Amino acid sequence: MAIYEEVLAWSEKLPPWRSDALRRLCVQGEWSDQDLVEILDLAKQHHGVRSTFLPVPQPVLFAANHFPAEANRDHTVVLQSLHSLTNVGRIPNSEVLNFQPHGLTIVYGGNGTGKSGYARVLKQACRARSPGAVHANAYAADYLQLIPSAAIDFVLDGTTEQTTWSSQRDNVPRPELRGISVFDGDCARHYL
């Protein structure tokens, strides 16, 4: 039995709050302060203590698609574009970031042009050592209620596909994208 299968079998025996904690750790690489608050609330609920949140958070159980992917050995995946960004910083919904079909795509520009916003979405949808959070427009009145999302076009084994990434807790990126590594300055700090 492969290690992934062993971990998956083990996770099925966990209480729901611990399964949710494992999912967050595998998907994000670390727990944020907000994650810790929510995990504690889920644990308290499990032991009969009422939630302090409205709406009451529900655990999202760990599943096979939450594992960080290894390099795609069975599939060829090529990013085409990142577009239809909604509530990602101040990036307009009409902006499109196209990728080269071969080689390296470098994203550059002046301050406040969206480089970090694009990178954060890719780091969440693909794989990165330091995925970080995707932030909505901090100047919006309802900033904390906004849910960032984006569409990602990619080619899988020669066939064009599209997926939607969202920062909602239960959103799981396409597993094929988890085989793509995204590297930026934040990720570099993990290696140095």
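The values are calculated or read from the model by the stated rules, or taken from the named source; none is laboratory data. Source: prediction; values computed, not measured. With ideal geometry, Cβ positions are generated from the backbone for all residues, glycine too; neighbour counts draw on all protein chains shown.
Within the stretch 32-55, the set of residues being of a type outside the set (S, T, N, Q) and modelled with pLDDT under 90 comprises PHE53, LEU54, PRO55.
Against the criterion of being among the β-branched types (Val, Ile, Thr), surrounded by 15 or more Cβ atoms within 10 Å (Cβ to Cβ) and part of a loop (DSSP other than H, G, I, E, B), THR113 qualifies.
If you check GLY110, GLY158 for being on the phi > 0 side of the Ramachandran plot and out of contact with any strand residue (DSSP E or B) (no Cβ under 6 Å at 6 or more places or on another chain), only one passes: GLY158. The single condition among (1) in a helix (DSSP H, G or I); (2) at pLDDT below 90 that VAL121 does not satisfy is (2). From the set of residues in the stretch 67-86 that are in a loop (DSSP other than H, G, I, E, B) and either aliphatic (A, V, I, L, M) or within 28 Å of ASN137 (Cβ to Cβ) (or both), which is modelled with the lowest pLDDT? Filtering first and then ranking leaves ALA71.
To keep it simple, each residue is scored yes or no on (1) surrounded by fewer than 17 Cβ atoms within 10 Å (Cβ to Cβ); (2) part of a helix (DSSP H, G or I).
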| site | (1), (2) |
| --- | --- |
| TRP31 | yes, no |
| LEU36 | yes, yes |
| ASP41 | no, yes |
| GLN45 | no, yes |
| VAL49 | yes, no |
| THR52 | yes, no |
| PRO57 | no, no |
| PHE62 | no, no |
| ASN65 | yes, yes |
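Taking the numbered list (1) small (Gly, Ala, Ser); (2) at negative phi; (3) in a loop (DSSP other than H, G, I, E, B); (4) modelled with pLDDT under 90 in turn, ALA9 passes all entries but (3). Looking only at residues in the stretch 142-169 that are at pLDDT below 90 and under 16 Å from the mean Cα position of the chain (by Cα), the one that is surrounded by the most Cβ atoms within 10 Å (Cβ to Cβ) is SER167.
Report yes if LYS123 is among the charged types (D, E, K, R), under 30 Å from SER19 (Cα atoms) and surrounded by 16 or more Cβ atoms within 10 Å (Cβ to Cβ), otherwise no. Judged against the criteria, LYS123 is a match. For the stretch 5-15, the criterion of being closer than 24 Å to ALA125 by Cα, among the aliphatic types (A, V, I, L, M) and either outside the structural domain of GLY179 (by TED's automatic domain parsing) or without any contact (Cβ under 8 Å) to a residue 12 or more places away in the chain (or both) is met by at least one residue. With respect to (1) crowded, with 17+ Cβ neighbours inside 10 Å; (2) touching a residue at least 60 places away in the same chain (Cβ under 8 Å); (3) closer than 18 Å to LEU85 by Cα; (4) not basic (Lys, Arg), the lone exception for GLU176 is condition (3).
Results for (1) of a type outside the set (Val, Ile, Thr); (2) over 17 Å from LEU25 (Cα atoms); (3) not assigned by TED's automatic domain parsing to the domain that holds ARG178, shown as yes or no for each residue.
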position	(1), (2), (3)
THR105	no, yes, no
ASN111	yes, yes, no
GLY114	yes, yes, no
ALA119	yes, yes, no
CYS126	yes, no, no
GLY132	yes, no, no
TYR139	yes, yes, no
TYR143	yes, yes, no
